[in-house]
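Derivation of every value follows stated rules applied to the coordinates shown; laboratory data play no part. The shown structure was predicted, so the numbers you read here are calculated from the model rather than taken from an experiment. Heads up, the Cβs are rebuilt from the backbone with ideal geometry, glycines too, and the neighbour counts pull from every protein chain shown.
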Amino acid sequence: MGKSSKDKRDAYYRLAKEQGWRARSAFKLLQLDEEFDLFSNVTRVVDLCAAPGSWSQVLSRVLIKGEKFGRAAWQDRDARFRQQMLGLFGSQHTASKSGHSEPQPSITSSPRQDVKIVSIDLQPISPLPGIVTLRADITHPATVPLLLKALDPEYDSKTNTQQAAHPVDLVLSDGAPDVTGLHDLDIYVQSQLLFAALNLALCVLKPGGKFVAKIFRGKNVDVLYAQLKIFFEKVHVAKPRSSRASSVEAFIVCLNFQPPKGFSASLEEPLGVGFRLSRMTEQSCAALPITANTILQNPETGAWNNTPALVAIPDNDGITEIQLEDHRPGHGDVRWIAPFIACGDLSAFDSDASYRLPPDHVSLDPVQPPTAPPYKRALEMRKAFGGAYGKTSKD
Ligand SMILES: C[S@@+](CC[C@H](N)C(=O)[O-])C[C@H]1O[C@@H](n2cnc3c(N)ncnc32)[C@H](O)[C@@H]1O
């Protein structure tokens with residue numbers, strides 16, 4: 001990113017360098033975790049499309065080193081403060097009453113046991129302690145055995161199936177193609193990456209597992225939502241505060257993996273190719289309760305109301321899910337409004353705002369410059385020709 005670009009002023013870009021993250025994307029994952037508690041009870045993770053590795057860094061620091069960020073860190077600080085206050089009073093009250101103080105919950109961060117993290121990207125990922133990195137294409141079938149072998153060294157592709165023997169708790173995918181600027185094409189390529197990530201997730205996730213993937217919000221988000229609802233109890237579309245509001249980027253957060261009875265992931269018939277997924281979506285939608293017929297059809301005239309009904313289903317986690325149902329003849333498709341959640345503390349930096357830098361601000365170099373960027377050759381050629389197309393050469 002050029003030094004004169006808008007990113008120079010982006011608060012999260014600067015903050016990432018200050019805090020040692022390889023990319024500002026780290027904040028997106030931290031804010032998603034803050035909203036959905038992604039890392040609770042998680043020890044085995046697959047990070048797809050992971051280069052340069054800021055999400056893997058987050059995983060390494062939270063799971064391997066046991067560090068806390070965001071809400072967890074705030075709760076930790078709060079607990080420590082309360083403990084200090086109790087300590088102050090304890091010396092006067094508790095100890096004098098009972099002779100000993102009550103045991104307090106541990107507030108020190110502790111690394112988790114048996115953590116396994118596998119990160120994959122087309123680009124090389126500079127090593128991260130404790131993380132297995134693979135250079136592979138997630139859309140290629142040959143990547144599945146590679147991943148299964150990385151997760152379980154005993155895995156033998158000749159004898160074993162395409163399911164992980166030791167499945168994982170969480171699959172992440174921050175995959176993005178090089179955008180062309182042609183909106184429909186970019187959304188299509190992004191959706192292919194999403195299907196590839198979903199196919200891999202279906203091979204390695206354990207029941208109850210979680211899947212998070214980047215999407216570009218297009219007009220078919222409702223279809224995607226209905227498709228993912230086949231496999232997961234809860235599906236949300238989330239927009240972290242560090243993701244620019246001006247960008248169509250969002251994240252699909254799928255919780256509680258519940259594969260349909262008898263379903264097994266198959267690379268011979270991957271989802272997103274052929275009709276397997278659309279058949280499953282039709283079946284799943286047909287099983288939905290019909291709730292809005294009486295609202296839509298006038299019982300006297302028999303005429304159908306033009307407005308489809310909105311059915312709000314309050315959930316016990318405080319999130320209201322809205323289903324849009326249209327039962328007019330010829331409008332059999334059930335269209336969905338995916339629950340949309342904005343994540344991140346409102347008092348945190350706004351990624352679309354510019355902030356005045358302190359007078360003593362020093363611009364830092366990137367934490368991990370790209371090892372083999374696709375534009376490497378172009379940079380070398382530019383240098384050979386004396387700078388930006390020769391304009392900066394001295395003669
Ligand atoms: C936005 S970056 C990911 C940033 C990363 N999550 C982080 O925190 O550093 C998108 C990545 O998707 C990768 N990618 C795109 N298509 C891919 C594919 N077919 N297989 C593997 N990786 C792919 C790109 O190489 C790029 O590194």
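Quick one: if the Förster radius is 22 Å, what FRET efficiency do residue 284 and residue 233 give, using the C-beta to C-beta distance and rounding to 0.05?
Using R0 = 22 Å, I get an efficiency of 0.95.
Please list, in chain and number order, the residues 5+ apart from residue 209 or on another chain whose amide H is under 5 Å from its amide H, with Hs placed from the backbone.
257
What distance in nm lies between label points placed 7 Å from Cα along the C-beta direction at residue 166 and residue 273?
Result for the modelled spin labels: 3.0 nm.
By how many nm would the segment from residue 37 to residue 80 grow when fully extended, if each residue of separation counts as 0.36 nm and the alpha-carbon distance is taken off?
Gain on stretching residue 37 to residue 80: 13.4 nm.
What whole number of Å gives the distance from the Cα centroid of the stretch 154-191 to the Cα centroid of the stretch 117-145?
Cα centroid of the stretch 117-145 versus Cα centroid of the stretch 154-191: 11 Å apart.
With a point put 7 Å past each Cα toward its Cβ, work out how far residue 384 is from residue 264 in nm, to one decimal.
About 5.3 nm separates the two model spin labels.
From the phi of every residue in the stretch 16-22, what ³J(HN,Hα) in whole Hz does the Karplus formula 6.51 cos²θ - 1.76 cosθ + 1.60 yield, where θ is phi - 60° and glycine or proline is x?
4, 5, 5, 8, x, 8, 6
Quick one: which of 233-245, 182-194, 356-368 comes out on top by average Cβ neighbours within 10 Å, and what's the full order, highest first?
Per-residue Cβ counts within 10 Å, averaged per peptide and sorted highest first, yield 233-245, 182-194, 356-368.
So for each of 198-209, 270-281 I average, over its residues, the number of other beta carbons within 10 Å; can you give me the resulting order with the highest mean first?
Values: 198-209: 21.3, 270-281: 14.5.
Top to bottom by mean Cβ count within 10 Å: 198-209, 270-281.
First measure r as the distance between the Cβ atoms of residue 375 and residue 182, then evaluate 1/(1 + (r/R0)^6) with R0 = 25 Å and state the FRET efficiency to the nearest 0.05.
0.80
Scan around residue 342 for amide H atoms under 5 Å from its own, H built in the peptide plane at 1.01 Å from N, and keep only partners 5 or more places away or cross-chain.
239
So if each residue of separation counts as 0.36 nm, and I subtract the Cα-Cα distance between residue 154 and residue 126, what length gain in nm does that give?
Result: 7.5 nm gained on full extension.
Using a 10 Å cut-off on Cβ atoms, rank the peptides 130-140, 148-158, 41-51 from the highest mean neighbour count down.
Final packing ranking: 41-51, 130-140, 148-158.
In the structure shown, do any of 28/214; 116/206; 17/239; 28/219; 214/234; 206/234 have a Cα-Cα gap over 20 Å, and if so which?
Long pairs (Cα-Cα over 20 Å): 17/239; 28/219.
Between residue 337 and residue 353, 0.36 nm times their residue separation minus their Cα-Cα distance comes to what? Mind dumping the intermediate values first?
On the way: separation 16, 0.36 × 16 = 5.76 nm, distance 2.89 nm.
Using 0.36 nm per residue and subtracting the Cα-Cα distance, I get 2.9 nm.
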